[in-house]
Amino acid sequence: HEGSEFTVSGFSLGAIEAFQYACIAQMRIDKLQLFSPAFFQTKEEKFKRLQLMSYKKSKLLYLKQFMKGCFFPYEEKIVENIDTDIFELKELLEYEWSMDKLKEISQRGVKIEVYLGSKDTIIDVLRAKEFFLEVATVTYIKEANHFLLIN
(Lines give C-alpha, C1' and ligand atoms only; values in the text may rest on other atoms or scores of the structure.)
Protein backbone atom coordinates (compact mmCIF):
# COMPACT_ATOMS: atom_id res chain seq x y z
CA HIS A 1 0.00 0.00 0.00
CA GLU A 2 1.16 3.47 -0.79
CA GLY A 3 2.40 5.34 2.27
CA SER A 4 2.84 2.20 4.36
CA GLU A 5 6.20 1.38 5.90
CA PHE A 6 7.74 -1.94 6.79
CA THR A 7 9.70 -1.47 10.00
CA VAL A 8 11.97 -3.88 11.82
CA SER A 9 12.80 -2.87 15.38
CA GLY A 10 14.45 -4.26 18.47
CA PHE A 11 15.45 -3.27 21.97
CA SER A 12 18.87 -3.97 23.55
CA LEU A 13 19.73 -7.59 22.60
CA GLY A 14 16.67 -7.47 20.33
CA ALA A 15 18.33 -4.60 18.44
CA ILE A 16 21.14 -6.97 17.48
CA GLU A 17 18.58 -9.52 16.34
CA ALA A 18 16.67 -6.88 14.34
CA PHE A 19 19.94 -5.79 12.70
CA GLN A 20 20.89 -9.38 11.84
CA TYR A 21 17.44 -9.94 10.37
CA ALA A 22 17.72 -6.76 8.28
CA CYS A 23 21.08 -7.99 6.96
CA ILE A 24 19.59 -11.16 5.48
CA ALA A 25 15.95 -10.23 4.85
CA GLN A 26 14.80 -10.71 1.29
CA MET A 27 11.61 -8.75 1.83
CA ARG A 28 11.17 -5.02 1.77
CA ILE A 29 12.27 -3.09 4.85
CA ASP A 30 11.83 0.67 4.96
CA LYS A 31 13.08 1.34 8.44
CA LEU A 32 15.34 -0.33 11.00
CA GLN A 33 14.83 0.99 14.54
CA LEU A 34 17.38 0.16 17.22
CA PHE A 35 16.30 1.03 20.76
CA SER A 36 19.18 1.07 23.30
CA PRO A 37 21.17 -1.31 21.11
CA ALA A 38 23.45 -3.60 23.10
CA PHE A 39 26.80 -1.95 22.40
CA PHE A 40 29.79 -3.35 24.28
CA GLN A 41 32.46 -3.48 21.57
CA THR A 42 34.27 -0.48 23.07
CA LYS A 43 34.31 -1.92 26.60
CA GLU A 44 37.61 -3.30 27.88
CA GLU A 45 38.17 -7.05 28.18
CA LYS A 46 38.51 -6.57 31.95
CA PHE A 47 34.92 -5.27 32.09
CA LYS A 48 33.66 -8.25 30.06
CA ARG A 49 35.54 -10.78 32.22
CA LEU A 50 34.12 -9.16 35.38
CA GLN A 51 30.59 -9.44 33.98
CA LEU A 52 31.05 -13.13 33.23
CA MET A 53 32.67 -13.84 36.60
CA SER A 54 29.84 -12.07 38.43
CA TYR A 55 27.26 -14.03 36.46
CA LYS A 56 29.01 -17.34 37.23
CA LYS A 57 29.26 -16.48 40.93
CA SER A 58 25.56 -15.69 41.32
CA LYS A 59 23.26 -15.53 38.32
CA LEU A 60 20.37 -14.27 40.48
CA LEU A 61 22.40 -11.46 42.03
CA TYR A 62 23.89 -10.55 38.65
CA LEU A 63 20.46 -10.27 37.02
CA LYS A 64 19.14 -8.27 39.98
CA GLN A 65 22.02 -5.79 39.64
CA PHE A 66 21.59 -5.71 35.87
CA MET A 67 17.91 -4.77 36.21
CA LYS A 68 18.80 -2.12 38.76
CA GLY A 69 21.22 -0.68 36.19
CA CYS A 70 18.54 -0.74 33.48
CA PHE A 71 16.25 1.43 35.62
CA PHE A 72 18.97 3.71 37.00
CA PRO A 73 18.66 6.54 38.03
CA TYR A 74 14.96 5.93 38.57
CA GLU A 75 12.93 3.64 40.78
CA GLU A 76 13.04 0.00 39.79
CA LYS A 77 9.83 -1.59 38.55
CA ILE A 78 8.80 -5.21 38.36
CA VAL A 79 9.66 -6.81 35.04
CA GLU A 80 9.44 -10.32 33.74
CA ASN A 81 12.78 -12.07 33.35
CA ILE A 82 13.46 -14.85 30.91
CA ASP A 83 15.93 -17.59 31.69
CA THR A 84 19.44 -16.86 30.45
CA ASP A 85 22.76 -18.64 30.38
CA ILE A 86 26.40 -17.62 30.45
CA PHE A 87 26.83 -18.34 26.75
CA GLU A 88 24.19 -15.75 25.84
CA LEU A 89 25.89 -13.17 28.05
CA LYS A 90 29.29 -13.97 26.51
CA GLU A 91 27.84 -13.66 23.00
CA LEU A 92 26.21 -10.34 23.91
CA LEU A 93 29.38 -8.88 25.45
CA GLU A 94 31.51 -9.96 22.49
CA TYR A 95 29.11 -8.87 19.73
CA GLU A 96 30.68 -6.51 17.17
CA TRP A 97 28.40 -4.23 15.17
CA SER A 98 29.52 -4.16 11.54
CA MET A 99 29.70 -0.70 10.02
CA ASP A 100 30.01 -2.29 6.58
CA LYS A 101 26.74 -4.19 7.02
CA LEU A 102 25.01 -1.11 8.42
CA LYS A 103 26.14 0.79 5.32
CA GLU A 104 24.88 -2.02 3.07
CA ILE A 105 21.46 -1.85 4.73
CA SER A 106 21.42 1.93 4.38
CA GLN A 107 22.42 1.70 0.69
CA ARG A 108 19.43 -0.59 0.12
CA GLY A 109 17.27 2.39 1.08
CA VAL A 110 16.56 1.33 4.65
CA LYS A 111 16.35 4.29 7.00
CA ILE A 112 18.21 3.44 10.23
CA GLU A 113 17.08 5.06 13.47
CA VAL A 114 18.86 4.62 16.80
CA TYR A 115 17.41 5.71 20.15
CA LEU A 116 19.70 6.16 23.16
CA GLY A 117 19.15 7.37 26.72
CA SER A 118 21.67 9.81 28.18
CA LYS A 119 21.44 8.12 31.62
CA ASP A 120 21.91 4.59 30.27
CA THR A 121 24.52 2.86 32.46
CA ILE A 122 24.24 -0.52 30.71
CA ILE A 123 25.82 0.26 27.35
CA ASP A 124 28.57 2.61 26.20
CA VAL A 125 26.11 5.34 25.19
CA LEU A 126 28.51 8.03 23.99
CA ARG A 127 30.55 5.65 21.85
CA ALA A 128 27.37 4.04 20.51
CA LYS A 129 26.13 7.51 19.56
CA GLU A 130 29.39 8.29 17.73
CA PHE A 131 29.39 4.89 16.00
CA PHE A 132 25.81 4.93 14.71
CA LEU A 133 25.82 8.62 13.67
CA GLU A 134 27.74 7.63 10.54
CA VAL A 135 24.76 5.69 9.13
CA ALA A 136 21.73 6.49 11.25
CA THR A 137 19.54 9.18 12.66
CA VAL A 138 20.41 9.05 16.35
CA THR A 139 17.89 10.32 18.87
CA TYR A 140 19.60 11.02 22.17
CA ILE A 141 16.94 11.20 24.87
CA LYS A 142 18.03 13.45 27.69
CA GLU A 143 17.54 11.97 31.18
CA ALA A 144 16.36 8.60 29.78
CA ASN A 145 17.70 5.29 31.14
CA HIS A 146 18.36 2.00 29.31
CA PHE A 147 14.62 1.40 29.01
CA LEU A 148 14.39 4.92 27.51
CA LEU A 149 12.20 5.90 30.44
CA ILE A 150 12.22 9.30 32.03
CA ASN A 151 11.01 9.64 35.58
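The values are calculated or read from the model by the stated rules, or taken from the named source; none is laboratory data. Note that the structure is a prediction, hence the values are computed from the model and not measured. Here the Cβ positions follow ideal geometry from the backbone for every residue, glycine too, while neighbour counts run over all protein chains shown. For accessibility, only protein heavy atoms count, side chains too; no ligands or nucleic acids. Shrake-Rupley method; radii C 1.70, N 1.55, O 1.52, S 1.80 Å.
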Checklist outcome for this item: Options (1) 1.03; (2) 0.95; (3) 0.98 are given for Rg/Rh (Cα atoms, Kirkwood Rh), and the computed one is (3)
Next on the checklist: Can you give me the % of accessible surface on the chain that is carbon or sulfur? Probe 1.4 Å, all protein chains present, nothing else counted.
Outcome noted: 54
Checklist entry - What size of dipole, in debye to the nearest 20, comes out for the chain about its Cα centre when the only charges are +1 on Lys and Arg C-beta atoms and -1 on Asp and Glu C-beta atoms? => result 440
Item to check | Solvent-accessible heavy-atom area per residue, rounded to whole Å², over region 1-148 at 1.4 Å | outcome: 63
Checklist entry - At a Förster radius of 35 Å, what calculated FRET efficiency corresponds to the Cβ-Cβ distance of Thr137 and Arg49, to the nearest 0.05? => result 0.50
Next on the checklist: Given a Förster distance of 25 Å, report the FRET efficiency between Glu5 and Leu126 from their Cβ-Cβ distance, rounded to the nearest 0.05.
Outcome noted: 0.25
Checklist entry - Assigning unit charges at the beta carbon (Lys, Arg +1; Asp, Glu -1) and nothing else, what dipole magnitude in debye, to the nearest 20, does region 1-55 show about its Cα centre? => result 340
Item to check | Farthest toward positive dipole pole in region 1-46 [+1 Lys/Arg, -1 Asp/Glu at C-beta], among Gln33, Thr7, Gln20 | outcome: Gln20
Checklist entry - Once fully extended, how much extra length lies between Ser118 and Asp83, figured as 0.36 nm per residue of separation less the alpha-carbon to alpha-carbon distance? => result 9.8 nm
